[in-house]
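As structure tokens, the structure follows; a few thoughts come after it.
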Amino acid sequence: KQEVTQIPAALSVPEGENLVLNCSFTDSAIYNLQWFRQDPGKGLTSLLLIQSSQREQTSGRLNASLDKSSGRSTLYIAASQPGDSATYLCAVDSWGKLQFGAGTQVVVTP
Amino acid sequence: NAGVTQTPKFHILKIGQSMTLQCTQDMNHNYMYWYRQDPGMGLKLIYYSVGAGITDKGEVPNGYNVSRSTTEDFPLRLELAAPSQTSVYFCASRTGNSLNQPQHFGDGTRLSIL
């Protein structure tokens with residue numbers, strides 16, 4: 001059974017620092033890995049999707065890497081801003097169904 | 001640009017009552033999903049559908065039922081509500097054209113069972 005783990009559970013950084021969020025998974029047979037952002041009281045917003053054949057994806061200040069052989073993905077957020085404060089969840093897609101980690105709650109202080 | 005719409009946003013239900021959570025999407029997506037999210041946890045899949053008339057169980061289906069009579073709508077029914085079903089429920093949809101497309105989520109229904 002696929003298990004997805006996110007460490008740390010919570011993270012607080014001063015504005016301007018780079019954020020590094022980790023995601024690990026136990027079964028490398030995946031179609032893709034997705035990173036989502038969740039704001040309090042809201043649904044999930046898709047940030048990046050990395051296909052199983054890709055090593056990384058970039059969108060603006062966000063960069064996500066994928067190492068299937070070691071079962072790891074890392075989300076980098078450059079030059080963090082207070083507006084980046086949210087919970088970030090990773091999810092692996094196996095046969096069209098997502099398995100989620102518990103998320104990392106990020107606070108960026110001004 | 002409505003996307004995925006869930007109603008109601010909040011609801012309090014008594015133990016043993018039944019209710020239906022509504023979900024509709026206007027993106028003509030074939031795939032639709034229901035998840036629940038408990039505090040401090042990731043989302044767990046309850047049921048999913050790959051098209052009208054086709055549904056299947058996810059990881060935590062007990063106590064729930066679904067139907068998919070149209071492409072747009074995917075209601076989730078709770079029968080004989082129990083306190084363990086207190087949670088935030090999210091509906092999501094995805095195009096069926098490729099597996100490498102992200103899911104689009106609604107804002108959730110916050111359900112308390114007392």
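The values are calculated or read from the model by the stated rules, or taken from the named source; none is laboratory data. Keep in mind the model is a prediction, meaning the values are calculated, not measured. Neighbour counts are summed over all protein chains in view; Cβ atoms, including those assigned to glycine, are modelled from backbone coordinates with ideal geometry. Ligands, DNA and RNA are excluded from the accessible area calculation, which covers all protein heavy atoms including side chains. Shrake-Rupley method; radii C 1.70, N 1.55, O 1.52, S 1.80 Å.
Of the residues making up segment B:73-114, those that are crowded, with 17+ Cβ neighbours inside 10 Å, closer than 14 Å to residue B:10 by Cβ and of a type in the set (S, T, N, Q) are B:86, B:87, B:109. Residues that are at the interface with chain B (Cβ under 9 Å from one of its Cβ atoms) and under 13 Å from the mean Cα position of the chain (by Cα) were ranked within segment A:94-104; the one that is surrounded by the fewest Cβ atoms within 10 Å (Cβ to Cβ) is A:102. Just one of the listed residues (B:56, B:38) is farther than 30 Å from residue A:9 by Cβ, of a type outside the set (S, T, N, Q) and either under 12 Å from the mean Cα position of the chain (by Cα) or open to solvent by 40 Å² or more (accessible area, probe 1.4 Å) (or both), and it is B:56. In this structure, is residue B:21 among the aliphatic types (A, V, I, L, M), farther than 20 Å from residue A:96 by Cβ and out of contact with any Ser or Thr (no Cβ under 6 Å at 6 or more places or on another chain)? So residue B:21 fails the test. Entry remark, segment B:41-53: residues being crowded, with 16+ Cβ neighbours inside 10 Å, within 11 Å of chain A (Cβ to nearest Cβ) and part of a loop (DSSP other than H, G, I, E, B) number 1 in total. Note on segment A:1-58: enclosed strands (runs of 3 or more DSSP E) holding 3 or more residues that are buried (at least 20 other Cβ atoms within 10 Å of the Cβ) are A:19-25, A:32-38, A:44-51.
Determine the pairs where a residue that is over 19 Å from residue A:3 (Cβ atoms), located within segment A:68-86, has a partner that is among the aromatic types (Phe, Trp, Tyr) and open to solvent by less than 50 Å² (accessible area, probe 1.4 Å) with Cβ atoms under 7 Å apart, the partner being 6 or more residues away or on another chain. Matching pairs, first to second residue: none at all. Pairs are defined by a Cβ separation below 8 Å, a sequence spacing of at least 6 or placement on different chains, a first member in segment A:43-59 that is within 25 Å of residue B:90 (Cβ to Cβ) and at the interface with another protein chain (Cβ under 7 Å from one of its Cβ atoms), and a second member that is open to solvent by less than 60 Å² (accessible area, probe 1.4 Å) and β-branched (Val, Ile, Thr); the pairs so defined are A:43/B:4. Would you check if residue B:7 is at pLDDT 95 or above and over 23 Å from residue A:93 (Cβ atoms)? Yes: the conditions hold for residue B:7. Residues of segment A:40-81 that are under 30 Å from residue B:7 (Cα atoms) and among the β-branched types (Val, Ile, Thr): A:45 alone.
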